[in-house]
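The next block holds one structure in the form of structure tokens; read it before the comments.
The values are calculated or read from the model by the stated rules, or taken from the named source; none is laboratory data. Note that the coordinates shown come from a computational prediction; the quantities given were computed from them, not determined experimentally. Heads up, the Cβs are rebuilt from the backbone with ideal geometry, glycines too, and the neighbour counts pull from every protein chain shown. Protein only, heavy atoms only, side chains kept; ligands, DNA and RNA dropped before computing areas. Shrake-Rupley method; radii C 1.70, N 1.55, O 1.52, S 1.80 Å.
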Amino acid sequence: MQSGLIMPAMPKKPTSNSTPRTRSRPSPSKRPKRTSASKPRQSTRQRSKKPSTSRWARVRWRLFQVGLVLSALVVVWMIYLNAVLRDRFEGQRFAVAARVYSEAQELYVGAPISADQMQQLLETLGYRLGPTASHPGRYSRNGQTLAVYSRGFEFWDRQEPAQRLVMDFNQGSLSQLRQVNGDPVLHARLDPLYLGQVYPGSKEERVLMPLDAVPSELIAGLLAVEDREFYQHWGVSISGVARALVANVRAGGVSQGGSTLTQQLVKNLYLTPDRSLWRKANEALMAVLMEWHYSKEDILETYINEVYIGQQGQMAVHGFGLGAQFFFGAPLQSLGTHQHALLVGLIRGPSFYNPRRNPERALARRNLVLDIWLDQGVIDAQTHQAARQQPLDVSRVPGQANHHAFMDMVRRQLATGYRREDLLAEGLSIFTTLDPIAQAEVERLAPQRLQQLEQGYGLEANALETAVVVSRPTTGDVIALIGGRNPDVVGFNRALDARRPVGSMLKPAVFLAALEAGYTLATPINDDTVSVVGADGQLWQPRNFDRVSHGSPLLIDALANSYNQATARLGMEVGLPEVFGVIERLGVNSRLPAVPSVMLGAHGLPPLEMAQFYQTLANNGFYSPMNAIRAVTHPSQGVLQRYEMRAEQRFDPELIYLLNDALHEVTLSGTGRRLQALLPRDWWMAGKTGTTDDNRDSWFAGHSGDRQVLVWIGRDNNAPTPLTGSSGALPLWADIMAALRPVQDRRTHPARIAFATVNSQGAGVAEACAEARLLPFVSGTEPTQHSRCNAAPDDPEEAPASFWERLFSRGS
């Protein structure tokens, strides 16, 4: 048996001595052979009991290990989710691009605006016409009287309240401004026009609203529809899911959602919109974490600013603040109950319930929300009935304008002080100088005039292009700007980037340099042909436009008639360095080649730079940089920067007065005399025409009252046109001025200005002489030579002729 094998026992014969012991245990050698049928079962169970117990123990141990690992993974995952949650919620929650606004319309007695212009402005701002101005954003009109319920606005300098105003207009100006009860109002402002994001193309946009600025009715209504237990749950509400299911069955549609506001906010801020258990689990976990870390008010405010409620092209509309402007063209605080209900109703399906595309669905959804509000006690029965009877009241177009050329100027000015990433994310508000009325008039008039010119001169349609800059002479504020005939097209901004030869537009610098050198308006200037050899040996021989020499006109007439030969000779006499110095001081920053032909405009400059040149002349010799921005504000830090007016005196006011008098003569008897037939004769105007070789460019710049306008017209391909400055740009300039109706202030003169009458030779004559003309002079520079009527000037060094000399000299 040592081998471990069991051998069958051999039978033995019993002996007499062998007496069996019935109770004794047989030895192994004597045990009977066991068959399979005779094996004891108890022994088998005993042998299998120990291995089974150890197997289950190992399974439990494995399960414990797996559970421990999974628990660790869940903890690690929650730590990660917590980090993700807090990183954004405690950092910059929203990347809000800077929003750009126009200048606000100032309301005061005497404001130069007509009833028609006011109505046009109100329509542009999104106000709606009705029988009465009963709500903010509404107005009514009766003849020359408009009643307006303003919407109020938080400007960079102060909060403008919403108020009901009555405005009477007479002869194109605001004659009375009062409240509904008749009390006079000294001053008020309408809300500005929203111009758009500073950088277009953003995928989403919102107007951040602090919770205390959101109407309480809207907050209560939001919670009644989306999350009634918001202030009781910890992020997830089981009862809310069940209640929503019952409510939806009763309503026959989706009237309530099962997710809490916190879950919706988590999904919108952090998760993808896909429907999966994994996403739902993450949503629940993060909702609990959010409720653990942050207050209910913080969560609610973030939701109100994040909720998605609409789409405009590629841009998503987020938040009730922007939704109010997008759908109603009004700030959130000015909306009514029926409008609040529509905003809340849109949360369930912004595209499906879009009120512009699906008004019937939107109306049904809004009314369902109103019914819920009544049932939940948010509104009373009277308010409920009145709100259901209201139309959708959606504005025709989103509350935004598109003035691409002006926005281009704003972006370039901001780029000097702000980083692009800050302008795309910090939620800044940019308040600009744009006047919506002036901008609308320029955009309307420019294509009309170009079409008339093309038809009148037999040019093909759309052959001409234009650039226009409108500004205030005293501040340099640009109030309107276009870079082409079609302002809606985004592309080449001719006002800022087109460098076109300026023709005679630089001539005032030559004459101003001469005045600084001691010349007067009565100094005769030789207009004979002139030849100048340049440093490169090239011969420059400018000719007058009419190819005729005009003798020796007075300086004022040489500028008024834009004589090239007289200007070139004068510039060479004064000196090129002096002329170029004046050009630079007037505001031209571009590098100009130091050649004589620049005096006659052979070099190209952008229209905006040329407008800066004339801005200094219109501002009595004070240089104020052309400006498009009033202020920049931050949603939490307030005013970041105010663009105060900067003025630097660069010329004596007496000399600028003389030069402007010569530019005024341009509009009376010179190349701009056509204005006398196009505009009121009692307007004081000063300006200058400009025409380049082959009439490729037509320019006119000038000022009248409180407005300065510069106009350029030409072809993009630089081909010749039949237009001069007086036949092309000047008529459009007149159109714009007629529409803007500049305020004609009383014109005064500096104390050191004296007046004297002179004749065509510049000699002093008596006022009674037929050829006498009154000219201004700096005191002490009046003519020293005097002449009798229709006679040559006397030589002050010679004694008067005797009788005999006069007698015998008659025949000579």
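Rounded to the nearest 10 square angstrom, Leu774 shows an accessible area of 110 square angstrom against a 1.4 Å probe. Of the residues Phe155, Gly621, Leu269, the one whose Cα sits farthest toward the positive end of the charge dipole of the chain, with +1 on the Cβ of Lys and Arg and -1 on the Cβ of Asp and Glu, is Leu269. The count of lysine pairs in the chain that are at least 8 places apart or cross chains, and whose C-alpha atoms lie under 14 Å apart, stands at 4.
Each residue of region 143-155 was assigned a 3J(HN,Hα) from its phi angle through the Karplus curve 6.51 cos²θ - 1.76 cosθ + 1.60 (θ = phi - 60°); the sequence is x, 9, 10, 10, 9, 10, 9, 5, 9, x, 6, 8, 7 Hz, with glycine and proline shown as x. Loop-located trypsin sites (Lys or Arg not before Pro) across region 130-159 with a Cβ neighbour count of 12 or fewer within 10 Å are Arg158, with loop assigned by DSSP.
For the chain, the relative contact order comes to 10 percent (Cα pairs under 8 Å, sequence separation of at least 6).
Across region 719-736, computed HN-Hα scalar couplings (Karplus, 6.51 cos²θ - 1.76 cosθ + 1.60, θ = phi - 60°) run 6, x, 10, x, 9, 9, x, 7, 9, x, 6, 4, x, 5, 4, 5, 4, 5 Hz from first to last residue, x flagging Gly and Pro. Taken as Cα centroids, region 91-151 and region 700-759 sit 31 Å apart, rounded to the nearest whole angstrom. Its alpha carbons give the chain an Rg and a Dmax of 44.0, 209 Å. DSSP beta bridges confined to the chain are antiparallel in about 85 percent of cases.
Across Leu322, Leu374, the residue with the most accessible area heads the list, and the full order at a 1.4 Å probe is Leu374, Leu322. Per-residue ellipticity at 222 nm computed for the chain from its helices equals -11500 deg cm²/dmol, with DSSP H segments shorter than 4 residues left out and the rest contributing -39,500 (n - 2.57). For the chain, the Cβ-based charge dipole about the Cα centre amounts to some 10880 debye (Lys, Arg positive; Asp, Glu negative; other atoms uncharged).
Please identify the trypsin sites (Lys or Arg not before Pro) of region 162-208 that satisfy two criteria: DSSP loop assignment and at most 12 other Cβ atoms within 10 Å. Which are they? Taking region 162-208 and a limit of 12 other Cβ atoms within 10 Å, the loop trypsin sites (Lys or Arg not before Pro) found are Lys203. Note on region 456-541: Kirkwood hydrodynamic radius from all Cα pairs is 17.7 Å, rounded to one decimal.
A cut-off of 5 Å between modelled amide H atoms, ignoring neighbours fewer than 5 places along the same chain, links Gly310 with Val317.
Heavy-atom accessible area with a 1.4 Å probe sorts Asp745, Asp546, largest first, into Asp745, Asp546. So which chymotrypsin sites (Phe, Trp or Tyr not before Pro) in region 310-390 pass both tests, a DSSP loop state and at most 15 other Cβ atoms within 10 Å of the Cβ? Of the chymotrypsin sites (Phe, Trp or Tyr not before Pro), the ones in loops of region 310-390 whose Cβ has at most 15 other Cβ atoms within 10 Å are Phe352.
Could you check how much of the accessible area of the chain is carbon and sulfur, as a whole percent, using a 1.4 Å probe? About 53 percent, which is the carbon plus sulfur part of the accessible surface.
Normalised per residue, the accessible area of region 572-612 is 40 Å², obtained with a 1.4 Å probe and no contribution from ligands, DNA or RNA.
For Leu605, the residues 5 or more places off, or on other chains, whose built amide H falls under 5 Å of its own are Arg500, Val502.
Just want the answer: with Cβ charges of +1 for Lys and Arg and -1 for Asp and Glu, which residue in Ser787, Ala754, Leu679 is farthest toward the dipole's positive end in the chain? My answer, from the dipole projection, is Leu679. Sorted largest first by accessible area at a 1.4 angstrom probe radius, with every protein chain in place, the residues Lys267, Lys507, Lys296 fall in the order Lys267, Lys296, Lys507. Along the axis of the charge dipole computed for the chain (Cβ charges of +1 for Lys and Arg, -1 for Asp and Glu, origin at the Cα centre), the listed residues Ser698, Tyr101, Gln649 are led at the positive end by Tyr101.
Phi-derived couplings, Karplus 6.51 cos²θ - 1.76 cosθ + 1.60 at θ = phi - 60°, listed residue by residue for region 437-446: 5, 4, 5, 5, 5, 5, 5, 7, 7, 4 Hz, with x used for Gly and Pro. Using heavy atoms of the protein chains and a probe of 1.4 Å, the accessible area assigned to Thr53 is about 90 Å². Counting only C-alpha contacts under 8 Å and six or more residues apart, can you give the relative contact order of region 439-561 as a whole percent? It rounds to 17 percent for region 439-561.
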